[in-house]
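Presented below is the structure to which this report refers.
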Amino acid sequence: MGKDRVAVVGIGQTEHQATRGDVSMAGLVREAAARALADAEVSWADIDAVVIGKAPDFFEGVMMPELYLADALGASGKPLFRVHTAGSVGGSTSIVAAQLVQAGIHERVLTVAFEKQSESEAMWALSMPIPFQPPLHAGAGGYFAPHIRSYIRRAQAPDHIGILVALKDRTNALRNPHAHLHEHDITFHSIKDSLMLWDPIRYAETCPSSDGACAMVLASEAVGDEAAAAGRTPAWVHGTAMRSEPTMSADRDTVLPLGGAQCAAEVYRQAGITDPRRQVDCAEIYVPFSWFEPMWLENLGFAEPGQGWRLVEDGATALDGDLPVNMSGGVLSSNPIGASGMLRFAEAAMQVRGAAGEHQVDGARLAVGHAYGGGSQFFAMWVVGADKP
Amino acid sequence: MKRDVAVISFAQSAHVRAVDSENEVEMLMPVVGDVLGAIDMTMDDIGFTCSGSTDYLAGQAFSFVMILDGVGPWPPIQESHVEMDGAWALYEAWVKLQLGEIDTALVYCCARASAGDLPMVLTRQLDPYTAGPLWPDSISLAALQARALIDAGKATEADMAEVAARSRRAALDNPVAQLAWDRPAGELLTEDHLVAPLRRHDCPPISDGVAAVALAAGDAAGDRCRRPAWISGIDHRVEPIHLGLRDLTESRSTRLAAERAGVHDGPLDVAELHAPFTHQELILRDALGLDATTAVNPSGGALAANPMMTAGLVRIGEVASHIHDGTANRGVAHATSGPCLQQNLVCVLEGDGAGGRRR
C-alpha cells in the first residue's frame, strides 16, 4: 500500500499533420508507441499493460477503437485500458497509467493517446445538435470566446496579448520537427490580419486540426534507476492530480475555474512546490486558443488574478524568458485532440530529461504538464523532475 | 502488498427494453441515491468517482459530461471516466484506492441502448477498414462463435438451451430482470433459428439500465457495511479483435485473468458471468474452471438483462450482494467487452473469514 515512485523512461510521438493519409489509425498509434519503446530500449514483450486515451469516438467514427487497436498496441494477452475524460484525456490517461506503477501492479506500462481528426469533422462533432443543447455555438471556439471576452474585461488586458501568444507558440514550433504547423513567414501583423472567427479569437490564434499520437513508457523505480545508470535520463513523476467540476453551475467561474486551481494546488503540494513561478523551470499548458495562456497562468498560480497577461507582454513565457511556456509550440501548433494532453505531459518530461532538442530550456530540472477539457471543467496535471522525488 | 478494498454497496435500476420518458441523468440519479443512501453516505463522503459509458449508445459526443453534471461535482471532485463497461471503471477506482490517499469511491455506469439499433451500432466497434464496412451485426458474429463451438464438439444446441432455460428461470427471482420465464429446454429447441445455430432464447435482450457501486478501503469498509465484499483479486486481459486470429471456442484472456485474480485459491459459492449468449457461458465456465459446486448466474445473468456498459458492473454487484447478505462467502464476477468475448475482466470477492482478506 502507498505510492511507489514512477519514471518516464521512453517518449515517442508521430509527425503531426492535417491528414496522415499514409497510415491507418493502427499505424498512427503504432508509430508513436514504437518510438517510445525504442527510446526506452524495451521491446513489446517487456510491456505489462497498455493504457490508451482519446477524445470522443465520433471523431473517427469507431466505437471504442481500442478494441480494434488491441493487437497494434501489442496488448494481446495483456490488460488494455481506455480512458476518456474529454480534452484533458491525454493528461488523465498518463495519470491512470502512472497509478498502475505507483500501486505496484505493473513494472512497465505503455500509455498512448491519439486522434485522427482527418477521419471526420471535429468542429461539428463538438457542436451538439438539438435536443441536447441549444444551437448557440459552432465548435469549441464559439464556446470559449465568451470566457475570453470575460477575461479581457476583468483583467483589463490589452488586445494584442492573444496575438503575442500565437506568435510565440508558432515561432517555438519552428524548432519542433514533430509540430503540425511550421509557419516560417508568421509575423505579429499576419496574425492580426487573419480572419476573425469567434471574436476575439482570430484564425491564427486557433489550434489546428491534426492527426497524431503520443506514447510514453512509464516504469517502476528499479527500471528508472537502470535507465539512469545506462545514461538514459528518466523523468521522475513528482505529482499527479485530476479535478472535475460541472458544465453548468451558478457557482462556476469559467475564467478562473476552481477545479483548475485545486488541481494545481494539489499537484504542487505533492511536488513540494510553494512558489511555482520561481520553482518551476518551464511549463507545457493546454492552450488551444491564444488567450488561454494568460488565463491558465493565473489559474495555475504562476500569476495573480488579472496579471497573467503581463507575463506574456514582458516575454517571461518566451523560450528565453524566466518561465518558458509551451516550448514545443503547444496546442496552437499541433492538435491531435485526444493526444494533445499527453503531448503536454510528454514535453514536460522531455525537458527535464534534457531531450527536447532545439526547444530545450537550458537547465530545466522541474516542469509542469497541464491539460484541460470539456467546458473548462476537467483538469489533469503532473509535475516531473530530473531528480527523484 | 495490496490494500484491502471492498464493495460496500450496490444498486441498479430495473432493466427494460426502452426507457422512453427519462434521460440518462434521470435514470441514474435514483440509483446513485440508493447506493449511497444504503450506507448513509453522500457525495461529500466520496473520495473518487469513476464512470463507464459510451457515446455510441447516446448518439452524442461527451455524453458522460452531462451525466456527471447530474451527480453534482461541486465543489470540484477527483473523477475519471472510461469508455468501457463500469466493471473497468471499478478497476480504475480499485487502483486509485491502492494508493492510500483516499478511502472511498463511487462507480457508476449508464446504458440506453434503445436510442439506436444495437446490433448495427456494435458493428462500429470492428476494424473500420476491413470488417466495419461489411456491417456484420453482433448476433451474426456470436453465431459464428457458437458454430465453431458446436463444430469442435464442445457443446450442442441442447446444452445452449439448458443455459437459456436455467437463466430465465433464475431470473424469475430477480426483481430487476427484463426477461424471465419458465420453459423446458426441450421445448425451446423446437423453435426456428434466429441466426443459426442461435435461436432467440440463446440471445440476450436489448436493455436500458444503470448501476452503481460504492467501494471502501480498510476500516472505512467495516464502518459502513456489516459484511463487506472484499476484492481479493481483480485482473483483465484483451485479445485481438479479429475473429480469425483467435480460437473462438475458448477464452484465453478469461483464463489468464482468472489465474491473476486468484480464482482458484478457494472454493466458489457463486459466479456471475457476463455471457450475453448461451454458448458464451459454456466457454466461460470452462475458462474459469467452474464445476457443479458453484451456482452460476443466480440473477439470470446477461440473458435476463444486458444493459451495455453496465452488465459487467452488475455482475460484480450481484456477487457482492450475496456476500453482503451472507448467502455466499466467496464468489467470482466476470465482465466482457468487444465481439465474441474479446476482452474480459475477472473479480474475486470474499466475505470476512473466507481467508482472502490480508491483515
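The values are calculated or read from the model by the stated rules, or taken from the named source; none is laboratory data. Computed from a predicted structure; not experimentally measured. A quick note on method: Cβ atoms are made from the backbone with ideal geometry, for glycine too, and the neighbour counts reach across all protein chains shown.
If only residues of region B:67-115 that are at the interface with chain A (Cβ under 10 Å from one of its Cβ atoms) and part of a strand (DSSP E or B) are counted, the one that is nearest to B:Gln343 (Cα to Cα) is B:Val82.
Within region A:29-39, is there a residue that is buried (at least 24 other Cβ atoms within 10 Å of the Cβ), more than 20 Å from A:Gly341 (Cβ to Cβ) and away from chain B (no Cβ under 14 Å)? Within region A:29-39 (the criterion being buried (at least 24 other Cβ atoms within 10 Å of the Cβ), more than 20 Å from A:Gly341 (Cβ to Cβ) and away from chain B (no Cβ under 14 Å)), the answer is no, since none of the residues qualifies.
Results for (1) at pLDDT below 95; (2) outside the structural domain of B:Ala214 (by TED's automatic domain parsing), shown as yes or no for each residue.
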site: B:Phe64; (1), (2): yes, no
site: B:Ile77; (1), (2): no, no
site: B:Glu92; (1), (2): no, no
site: B:Leu126; (1), (2): no, yes
site: B:Pro136; (1), (2): no, yes
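Looking at region B:173-196, is at least one residue assigned to a loop (DSSP other than H, G, I, E, B) and under 17 Å from B:Pro119 (Cα atoms)? Yes, some residue in region B:173-196 is assigned to a loop (DSSP other than H, G, I, E, B) and under 17 Å from B:Pro119 (Cα atoms). The residues of region B:39-57 that are more than 30 Å from A:Glu60 (Cβ to Cβ), in contact with a helix residue (DSSP H, G or I) (Cβ under 9 Å, 6 or more places away or on another chain) and either surrounded by fewer than 20 Cβ atoms within 10 Å (Cβ to Cβ) or among the polar types (S, T, N, Q) (or both), listed by number, are B:Ile39, B:Asp40, B:Met41, B:Thr42, B:Met43, B:Asp45, B:Gly47. Tally the residues that are within 14 Å of chain A (Cβ to nearest Cβ) and either within 26 Å of B:Ser232 (Cβ to Cβ) or surrounded by 23 or more Cβ atoms within 10 Å (Cβ to Cβ) (or both), restricting the search to region B:1-38. Result for region B:1-38: 6. Among the residues making up region B:148-175, those that are closer than 15 Å to B:Glu250 by Cα and either hydrophobic (A, V, I, L, M, F, W, C) or crowded, with 17+ Cβ neighbours inside 10 Å (or both) are B:Ala148, B:Leu149, B:Ile150, B:Ala152, B:Ala155. B:Asp235 satisfies every condition listed in (1) touching a helix residue (DSSP H, G or I) at 6+ places or on another chain (Cβ under 6 Å); (2) part of a helix (DSSP H, G or I); (3) of a type outside the set (A, V, I, L, M) except (2).
Pairing residues of region A:84-113 that are more than 9 Å from chain B (Cβ to nearest Cβ) with residues that are among the acidic types (Asp, Glu), at Cβ distances under 7 Å and at least 6 apart in sequence or on separate chains, gives A:Val101/A:Asp4; A:His106/A:Asp48; A:Glu107/A:Asp48; A:Arg108/A:Asp46; A:Arg108/A:Asp48; A:Val109/A:Asp48.
Give the number of residues within region A:344-388 that are within 14 Å of chain B (Cβ to nearest Cβ) and surrounded by fewer than 24 Cβ atoms within 10 Å (Cβ to Cβ). Talk me through it step by step, then tell me what you get.
Initial filter on region A:344-388 (within 14 Å of chain B (Cβ to nearest Cβ)): A:371-381.
Next, from what is left, pick out any that are surrounded by fewer than 24 Cβ atoms within 10 Å (Cβ to Cβ): A:374-375.
Number satisfying all stated conditions: 2.
Taken over region A:59-77, the criterion of being assigned to a loop (DSSP other than H, G, I, E, B) and either facing chain B (nearest Cβ under 7 Å) or within 22 Å of the chain's Cα centre (by Cα) (or both) is satisfied by A:Glu60, A:Gly61, A:Val62, A:Met63, A:Met64, A:Pro65, A:Ala70, A:Asp71, A:Leu73, A:Ala75, A:Gly77. All of (1) at pLDDT below 95; (2) under 21 Å from A:Pro79 (Cβ atoms) hold for B:Cys109 with one exception: (1). Selection of region B:31-64 for residues being among the hydroxyl-bearing types (Ser, Thr, Tyr) and within 27 Å of B:Asp103 (Cα to Cα) yields B:Thr42, B:Thr49, B:Ser51, B:Ser53.
Given B:Asp219, B:Asp182, B:Asp192, B:Asp208, which one is farther than 19 Å from B:Thr49 by Cα and crowded, with 23+ Cβ neighbours inside 10 Å? Reasoning before the result, please.
On the way: B:Asp219 fails: crowded, with 23+ Cβ neighbours inside 10 Å; B:Asp182 fails: crowded, with 23+ Cβ neighbours inside 10 Å; B:Asp192 fails: crowded, with 23+ Cβ neighbours inside 10 Å.
Within the list B:Asp219, B:Asp182, B:Asp192, B:Asp208, the selection yields B:Asp208.
A:Thr19 satisfies every condition listed in (1) at pLDDT 95 or above; (2) within 13 Å of chain B (Cβ to nearest Cβ); (3) in a loop (DSSP other than H, G, I, E, B) except (2). In region A:270-310, the residue that is surrounded by the most Cβ atoms within 10 Å (Cβ to Cβ) out of those that are over 25 Å from A:Pro389 (Cβ atoms) and acidic (Asp, Glu) is A:Glu293. Out of curiosity, is A:Ser43 over 23 Å from B:Ala335 (Cβ atoms), crowded, with 24+ Cβ neighbours inside 10 Å and either more than 9 Å from chain B (Cβ to nearest Cβ) or free of Cβ contacts under 8 Å to residues at least 60 places away in the same chain (or both)? No: the conditions fail for A:Ser43.
Of the residues in region A:172-221, how many are among the β-branched types (Val, Ile, Thr) and touching a residue at least 40 places away in the same chain (Cβ under 8 Å)?
So the first thing to find is which residues in region A:172-221 are among the β-branched types (Val, Ile, Thr), and the list is A:186-187, A:191, A:201, A:206, A:217.
Those still in the list that are touching a residue at least 40 places away in the same chain (Cβ under 8 Å) too: A:201, A:206, A:217.
Residues meeting the conditions: 3.
Quick grid of which residues meet (1) in contact with a strand residue (DSSP E or B) (Cβ under 7 Å, 6 or more places away or on another chain); (2) surrounded by 23 or more Cβ atoms within 10 Å (Cβ to Cβ):
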{"residue": "B:Pro240", "(1), (2)": "yes, no"}
{"residue": "B:Thr254", "(1), (2)": "yes, yes"}
{"residue": "B:Pro267", "(1), (2)": "yes, no"}
{"residue": "B:Val270", "(1), (2)": "yes, yes"}
{"residue": "B:Asn297", "(1), (2)": "yes, yes"}
{"residue": "B:Leu303", "(1), (2)": "no, yes"}
{"residue": "B:Met309", "(1), (2)": "yes, yes"}
{"residue": "B:Asn344", "(1), (2)": "yes, yes"}
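Residues of region A:1-26 that are of a type in the set (Asp, Glu) and closer than 20 Å to A:Gly224 by Cα: A:Asp4 alone.
Can you name the residue in region A:251-269 that is at the interface with chain B (Cβ under 10 Å from one of its Cβ atoms) and surrounded by fewer than 24 Cβ atoms within 10 Å (Cβ to Cβ) and is also farthest from the chain's Cα centre (by Cα) among such residues? Reasoning before the result, please.
Within region A:251-269, the subset at the interface with chain B (Cβ under 10 Å from one of its Cβ atoms) is A:251-252, A:257-263, A:266.
Applying the additional criterion that residues be surrounded by fewer than 24 Cβ atoms within 10 Å (Cβ to Cβ) yields A:251-252, A:258, A:261-262, A:266.
Working: A:Asp251: 27, A:Arg252: 23, A:Leu258: 19, A:Ala261: 17, A:Gln262: 18, A:Glu266: 18 Å.
This residue is A:Asp251.
Note on region A:46-58: residues that are facing chain B (nearest Cβ under 8 Å) and not hydrophobic (A, V, I, L, M, F, W, C) amount to 2.
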